[in-house]
Number of protein chains: 2
Amino acid sequence: MAKGQLYGIGVGPGDPELVTVKAVKHIEKADIIAFPTAKGATGNAKRTIEPYITKAHQLISLTYPVTAGPVADSQTYLPLMKKFYDDTAQEMKAELLKGKNIAIICAGDPFIFGSYMYWHARLSDEFETIVIPGISSILAAPVELGKPLCHREDVVSIIPATLSEDQLVENLTNSTSAVIMKLGRTFPKVVNALKKAGLEDKAYYVERATMQNQRILPVLEVDPTKVAYFSVVVIPCQTPE
Amino acid sequence: MAKGQLYGIGVGPGDPELVTVKAVKHIEKADIIAFPTAKGATGNAKRTIEPYITKAHQLISLTYPVTAGPVADSQTYLPLMKKFYDDTAQEMKAELLKGKNIAIICAGDPFIFGSYMYWHARLSDEFETIVIPGISSILAAPVELGKPLCHREDVVSIIPATLSEDQLVENLTNSTSAVIMKLGRTFPKVVNALKKAGLEDKAYYVERATMQNQRILPVLEVDPTKVAYFSVVVIPCQTPE
């Protein structure tokens with residue numbers, strides 16, 4: 001029997017219309033839709049593609065054993081996550097060998113901080129894979145903010161907020177535009193780094209870009225106790241002339 | 001009479017299926033499709049959305065008066081481009097005032113080095129605008145290369161090749177992953193910078209990602225006389241574990 005195909009599908013920032021035509025087509029071709037979620041959550045990626053899910057689809061939840069927040073030290077976190085990816089890759093392998101096409105969906109883009117890449121590394125040698133890029137929040141947040149990210153000779157840095165404050169300052173200082181990802185409890189550190197880099201007045205907080213409960217605020221007006229993981233800080237470029 | 005709406009539509013890297021559902025919907029709602037092109041060229045953005053253009057659409061070509069290549073000095077280039085954006089914005093304003101909906105399409109994403117932003121700056125105060133993000137080559141090139149761009153604590157730099165060699169080296173040294181855009185005659189300088197940063201063996205050249213004539217090569221195997229503008233250099237992250 002022919003093996004099934006694996007689709008790694010980026011479904012964009014949340015608006016079901018910001019899914020690509022190619023993503024919709026491969027969701028239709030999939031027998032199984034697998035979606036990563038935190039414990040007890042529905043998952044933004046699944047919510048995004050609900051208009052495209054039919055009764056013929058088998059749904060598999062890939063539930064993370066931990067979130068990065070509570071298990072801060074990488075000595076505990078990384079081995080737990082590695083085992084999770086190993087185990088779930090084995091489950092999917094069994095289905096692919098039965099000839100089932102599996103779509104692993106992820107919010108944003110699969111190859112920019114996307115979980116899909118860990119399954120890709122485990123399965124793409126053995127099975128035919130099709131990776132479909134998605135609208136990352138790097139693109140969606142500036143659009144919702146109404147300010148272009150970069151033009152002419154701008155340099156953009158995409159920075160994870162999990163870096164140290166010094167590293168954040170260094171990266172912010174070396175670029176003209178920036179997007180800071182992986183926010184949450186890291187937010188006070190990010191604000192300190194923005195102040196040290198002299199960028200606190202140019203930075204915007206964009207939460208849940210394109211979702212119904214989207215919030216946009218200047219960074220200095222944000223309550224640090226109410227920062228969502230699905231949010232980014234954007235430092236846009238100057239207004240194009 | 002009601003004014004028309006302005007749509008700034010990113011149509012992605014070239015594959016007509018990598019257009020979003022929202023983009024297709026707004027191409028359908030547009031009376032006029034305006035597309036930027038170089039003199040004598042068809043324009044990649046127009047070619048990308050050909051399956052969605054109907055006979056009811058009026059097409060307007062926005063032909064750049066110069067390309068960045070031949071007019072290298074910004075003292076000549078910038079005023080010519082400013083006049084071009086001013087004049088064409090006036091033309092579009094006349095149509096918007098007649099109640100026509102205009103879609104300005106651009107390759108990739110409108111707010112990441114996209115020409116649309118210059119018309120947006122001139123027209124968005126007066127007319128209702130809807131900006132639709134598109135799959136930038138920043139996302140499409142790593143997917144075609146088959147290598148994730150960033151994971152965990154990676155920092156990505158998006159760098160225009162028009163910077164000086166020293167600036168290129170500095171930005172490459174400060175990041176773990178990178179995408180270098182605006183290639184062409186800048187290519188030998190980029191290769192020198194990659195060598196100085198010790199990254200020449202980790203860098204890939206991705207030309208016309210997702211188009212039919214796509215080419216992917218290690219940077220050191222590229223003939224610098226045959227480098228297309230629609231290409232990027234990608235330095236992907238390490239394989240996820």
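Each reported figure results from applying straightforward, stated rules to the coordinates on display, with no laboratory input. These numbers were taken from a predicted model, which means no experiment stands behind them. FYI the Cβ positions are ideal-geometry reconstructions off the backbone, even for glycines, and counts take in every protein chain you see.
Summary value for region B:123-189: 29 percent relative contact order, contacts being C-alpha pairs under 8 angstrom separated by 6+ residues. Near A:E170: Cβ cut-off under 13 Å, other residues only, Lys/Arg at +1 and Asp/Glu at -1. The net charge is -2.
Taking only C-alpha pairs under 8 Å that are 6+ residues apart, what is the relative contact order of region A:27-69 in percent?
Working: 48 pairs, mean separation 23.4, N = 43.
Contact order relative to length: 54 percent.
The spacing between region B:13-47 and region A:44-63, judged by their C-alpha centroids, is 30 Å.
The distance between label points at B:K196 and B:T239 comes to 3.3 nm (points 7 Å beyond Cα on the Cα→Cβ vector). Placing unit charges on each Cβ (+1 for Lys and Arg, -1 for Asp and Glu) gives chain A a dipole about its Cα centre, and among A:V169, A:Y85, A:S115 the Cα reaching farthest toward its positive end belongs to A:Y85.
Other residues with beta-carbon under 11 Å from the beta-carbon of A:P148 carry, at +1 per Lys or Arg and -1 per Asp or Glu, a net charge of 0. A:T88 sits among other residues whose Cβ lies under 12 Å from its own Cβ, and their net charge, with Lys and Arg +1 and Asp and Glu -1, is 0.
With +1 on each Lys and Arg Cβ and -1 on each Asp and Glu Cβ, and nothing else charged, work out how big the dipole of the protein assembly as shown is about its Cα centre, in Debye to the nearest 20.
Details: 50 positive and 52 negative charges, 159 e Å.
Rounded to the nearest 20 debye, it is 760 debye.
Label-point distances for B:T42 to the equivalent site in the other copies, using a point 7 angstrom along Cα→C-beta, read 4.4 nm when ranked shortest first. Among A:Y85, A:Y116, A:Y77, the largest mean-square fluctuation in a Gaussian network model of chain A (Cα springs under 10 Å) belongs to A:Y77. With label points set 7 Å from Cα along Cα→Cβ, the inter-copy distances at A:Q212 are 4.4 nm, sorted shortest first.
In the distance distribution for chain A, Cα-Cα pairs more than 31 Å apart total 28 percent. Exposed loop sites, defined as trypsin sites (Lys or Arg not before Pro) outside DSSP H, G, I, E and B with at most 13 other Cβ atoms within 10 Å, are absent from the longest region of chain B, namely B:99-241. Set the Cα radius of gyration of region B:6-132 against 2.2 N^0.38 Å, with N its number of residues, and you get 1.02.
Label-to-label distance, B:K39 versus B:H57, with points set 7 angstrom from Cα along the beta-carbon direction: 2.6 nm. Express in whole angstrom the spacing between the alpha-carbon centres of region B:151-218 and region A:97-165. Each part's Cα centre sits 19 Å from the other's.
Taking 51 Å as R0, compute the FRET efficiency from the Cβ-Cβ separation of B:L97 and B:K189 and round it to 0.05. Each step should come with its number before you reach the end.
Details: r = 46 Å, r/R0 = 0.89.
Plugging the Cβ-Cβ distance into 1/(1 + (r/R0)^6) gives 0.65.
Remark: relative contact order (chain B) = 23 percent; criterion is Cα-Cα distance under 8 angstrom and separation of 6 or more residues. Between copies, B:K55 shows label-point distances of 4.1 nm, shortest first, with the point placed 7 angstrom from Cα along Cα to C-beta.
Based on the Cα gyration tensor of region A:137-235, what are the three equivalent ellipsoid semi-axes, each the root of five times an eigenvalue, rounded to whole Å and given largest first?
Working: eigenvalues 68, 57, 24 Å².
The answer is 18, 17, 11 Å, longest axis first.
Using only side-chain charges placed at the Cβ, +1 for Lys and Arg and -1 for Asp and Glu, the dipole size of region A:6-132 relative to its Cα centre rounds to 200 debye.
Cα convex hull of the protein assembly as shown: how many Å³ per residue? Could you put the intermediate results ahead of the total?
On the way: hull volume 75.2 nm³, N = 482.
Here the figure is 156 Å³ per residue.
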